[in-house]
Amino acid sequence: MHNPTPGLPAFDYIKPASLREASQFLMAHGDTARPFMGGTDTFVRMRDGFWREKHLVDVKHLDGMNTIAFDPEIGLTMGAAVNMNRVIASPEVNAHYPLLAQAAGTVASYQLRSRATIVGNICNGSPAGDTTGACIVLQGLLHIHSVDGTRTESLDNFFLGPGKTVLQPGDIVTAISFPLPPQPWTGCYIKLGRNALGDLAIVGVTALGYPDATATSGYRFRLALASVAPIPLRPVAAETILAENSIDENIIAAAAQAAMDAVTPISDTRGSARYRKMMVRNLTRQAVIDVWQKIGD
Ligand SMILES: Cc1cc2nc3c(=O)[nH]c(=O)nc-3n(C[C@H](O)[C@H](O)[C@H](O)COP(=O)(O)OP(=O)(O)OC[C@H]3O[C@@H](n4cnc5c(N)ncnc54)[C@H](O)[C@@H]3O)c2cc1C
């Protein structure tokens, strides 16, 4: 019989002394172990019986995991354990990457954001992650520690399907970094949820734009769509329309239509596939107009 109030199953809490020890433990325990940050996805999935990990590996205390550093040449580097409230309050983020703070501010409640991290939002591999689009259009780079050493992964090829990413056993994301986008850039995230108090997105549209003399229109846009495909989606055809045509309301409408044509949403309790498609068109139009007007200003 279905138990409506399942408890959290027993597990071992592992607190390794180094990243090396953590990666080795994760590698040795394969599917039965998992790293976690805030645990806001992990504990819910375990409580509901979807994940049956025997060991949770806490790496939040290790070097660099909690730092936010900005360098005008390199950009922003954020430790994987930095929670969303810190992102929202960070002077560096607000001065140079306000889109990140805006997207983080749409996630659930203040209480949840005190635990939830941007890296956890990404590594969870959900197409509905609210901060994933901002990280994609800001060209976020994941810094990964594994038993074989360190590497970086771009978000362009990171997502493989719902809950699936390129991460392998032993991989620990230690930080995410962002280059500075071409100036003067601006961006916005529009989230459609069932209520204003915090819910997963029915549709999420992220837009970033900046002047670029090499584009026919004189501008380039980067767009990312949430909750409308098995993975977070970059509607490249829509971006191309905005780069290759002199921008006006008709061209923005054509780009919004191209974004709608690119998505393959499902119907679920939050909304039907048809509704999601139409909202992609409406919200992409709204997001591009918003960015376009701000660049004009
Ligand atoms: C009540 C509630 C409301 C929510 N509302 C929203 C919402 O509005 N918008 C939204 O986008 N999400 C929402 N979520 C989902 C969740 O809070 C976010 O996805 C959050 O960002 C996850 O971050 P975390 O640090 O808690 O991740 P965790 O639960 O710690 O980890 C999530 C996944 O990522 C992996 N992982 C984490 N860190 C690492 C690492 N350093 N290296 C490798 N793998 C790693 C874990 O193994 C796990 O698979 C909600 C969740 C709850 C419970």
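Looking for something of a type in the set (Asp, Glu) and either within 15 Å of CYS188 (Cβ to Cβ) or touching a strand residue (DSSP E or B) at 6+ places or on another chain (Cβ under 6 Å) (or both) - is there at least one such residue anywhere in the stretch 246-259?
no
Being buried (at least 20 other Cβ atoms within 10 Å of the Cβ) and either at pLDDT below 95 or under 24 Å from GLY209 (Cα atoms) (or both) is true for just one of ASP130, ASP156. Which residue is that?
ASP130
For the stretch 96-116, enumerate the residues that are in a helix (DSSP H, G or I), touching a residue at least 24 places away in the same chain (Cβ under 8 Å) and over 13 Å from the mean Cα position of the chain (by Cα).
The answer is HIS96, PRO98, TYR110, LEU112, ARG113.
Since HIS29 meets every condition but one in (1) in a loop (DSSP other than H, G, I, E, B); (2) away from the ligand (no atom under 11 Å from the Cβ); (3) closer than 23 Å to GLY163 by Cα, which condition does it not meet?
Condition (1) is where HIS29 drops out.
So, of the residues in the stretch 268-281 that are in a loop (DSSP other than H, G, I, E, B) and at pLDDT below 95, which turns out to be surrounded by the fewest Cβ atoms within 10 Å (Cβ to Cβ)?
By that ranking, first place goes to THR269.
Which ones in the stretch 57-73 are part of a strand (DSSP E or B) and closer than 14 Å to GLY120 by Cα?
Answer for the stretch 57-73, where residues must be part of a strand (DSSP E or B) and closer than 14 Å to GLY120 by Cα: VAL57, ASP58.
What residue, of ILE190, ILE136, is among the hydrophobic types (A, V, I, L, M, F, W, C), assigned to a helix (DSSP H, G or I) and under 23 Å from ALA256 (Cα atoms)?
ILE136
Kindly indicate which of ASP148, ASP171, ASP156 is near the ligand (Cβ under 10 Å from one of its atoms), out of contact with any helix residue (DSSP H, G or I) (no Cβ under 7 Å at 6 or more places or on another chain) and not small (Gly, Ala, Ser).
ASP171
Could you tell me whether VAL119 is among the aliphatic types (A, V, I, L, M), open to solvent by 60 Å² or more (accessible area, probe 1.4 Å), closer than 29 Å to ILE190 by Cβ and within 11 Å of the ligand (Cβ to nearest atom)?
no
Among the numbered conditions (1) part of a strand (DSSP E or B); (2) over 21 Å from THR150 (Cβ atoms), tell me where LEU76 comes up short.
Unmet for LEU76, out of (1) part of a strand (DSSP E or B); (2) over 21 Å from THR150 (Cβ atoms): (2).
Of all residues in the stretch 210-229, which are assigned to a loop (DSSP other than H, G, I, E, B), under 18 Å from LEU192 (Cα atoms) and in contact with a strand residue (DSSP E or B) (Cβ under 7 Å, 6 or more places away or on another chain)?
The answer is SER227, VAL228.
Every residue in the stretch 258-267 that is in contact (Cβ under 8 Å) with a residue 24 or more places away in the chain and surrounded by fewer than 17 Cβ atoms within 10 Å (Cβ to Cβ), please.
Listed by number, the residues that qualify are ASP261, THR264.
Could you list, in sequence order, the residues of the stretch 140-161 that are in a loop (DSSP other than H, G, I, E, B) and in contact with a Leu (Cβ under 8 Å, 6 or more places away or on another chain)?
Of everything in the stretch 140-161, those that are in a loop (DSSP other than H, G, I, E, B) and in contact with a Leu (Cβ under 8 Å, 6 or more places away or on another chain) turn out to be GLY140, PHE158.
The values are calculated or read from the model by the stated rules, or taken from the named source; none is laboratory data. A quick note: this is a predicted structure, and the numbers were derived from the prediction, not measured. All Cβ positions, even for glycine, are placed from backbone atoms using ideal geometry, and neighbour counts span all protein chains on display. These area figures cover heavy atoms from the full protein model, side chains too; ligands, DNA and RNA do not enter into them. Shrake-Rupley method; radii C 1.70, N 1.55, O 1.52, S 1.80 Å.
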